[in-house]
Amino acid sequence: MKLVLAIVNNDDSAVAASSLTAEGYFVTRLSTTGGFLMVGNTTLLIGTEDEGVPHVLEILKEHCVTRRQMATPVTAFGKGMKADSLPPKVKVGGATVFVLNVESCEKL
Ligand code: 2BA
């Protein structure tokens, strides 16, 4: 069994989660915050059998869009960066996905 952990844009998370659910996957949505931009994103947890992973990745790819997002002054100055040293925008997403081995999954 695997745990797919996918960090996605808030705007894509509802449609991605409902498409996964409609295809029979079990999904948990966590509200998370990116350490770089310091804005909200969503982390989806999807526990699935190994053979489900490629399909899960396909669904995420279909619904999670790459965006260019402003690096805000808060982001920069919190790190001691100067405004003129900033890239004006960074490329974010579609999804950052980690696939982890699961030792066991119990529903008690
Ligand atoms: P953030 O940390 O807010 O990062 C947003 C975007 O800023 C990243 O997009 C990347 O383009 C850029 N970025 C992040 N850290 C950077 C750094 N140290 N130097 C230069 N540019 C940097 P994505 O790579 O698509 O990541 C989107 C979100 O996924 C991240 O939001 C973070 O919440 C998560 N993430 C991405 N890679 C991760 C990793 N290796 N471990 C944990 N979380 C990760």
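Inspect all residues belonging to the stretch 70-88 and state whether any of them is modelled with pLDDT under 95, under 19 Å from ALA17 (Cβ atoms) and within 13 Å of the ligand (Cβ to nearest atom). Before you say what the answer is, go through the steps one by one.
Applying the first criterion (modelled with pLDDT under 95) to the stretch 70-88 yields 70-88.
Among the residues that remain, those that are also under 19 Å from ALA17 (Cβ atoms) are: none.
No: the stretch 70-88 contains no residue that is modelled with pLDDT under 95, under 19 Å from ALA17 (Cβ atoms) and within 13 Å of the ligand (Cβ to nearest atom).
Can you tell me which residues in the stretch 2-17 are assigned to a strand (DSSP E or B) and open to solvent by less than 10 Å² (accessible area, probe 1.4 Å)? I'd like the intermediate steps shown before the answer.
The first filter runs over the stretch 2-17 and keeps only residues assigned to a strand (DSSP E or B), leaving 2-8.
Selection gives VAL4, ALA6, VAL8.
Just to verify a result, which residue in the stretch 30-50, among those that are closer than 21 Å to GLU106 by Cβ and open to solvent by 60 Å² or more (accessible area, probe 1.4 Å), is nearest to the ligand (Cβ to nearest atom)?
In this case the residue turns out to be LEU30.
Specify the residue that is surrounded by the fewest Cβ atoms within 10 Å (Cβ to Cβ); the eligible residues are those in the stretch 53-70 that are among the charged types (D, E, K, R) and closer than 21 Å to PHE36 by Cβ. Working first, answer last.
From the stretch 53-70, those among the charged types (D, E, K, R) are 58, 61-62, 67-68; that's our starting set.
If we keep only those that are closer than 21 Å to PHE36 by Cβ too, we end up with 67-68.
Working: ARG67: 14, ARG68: 10.
Looking at the filtered set, the residue picked out is ARG68.
The values are calculated or read from the model by the stated rules, or taken from the named source; none is laboratory data. All values derive from a computational prediction rather than experimental measurement. Please note: Cβ atoms are built from the backbone with ideal geometry, for glycine as well, and neighbour counts cover all protein chains shown. To get the accessible areas, we keep the full protein, side chains included, count just its heavy atoms, and leave off ligands, DNA and RNA. Shrake-Rupley method; radii C 1.70, N 1.55, O 1.52, S 1.80 Å.
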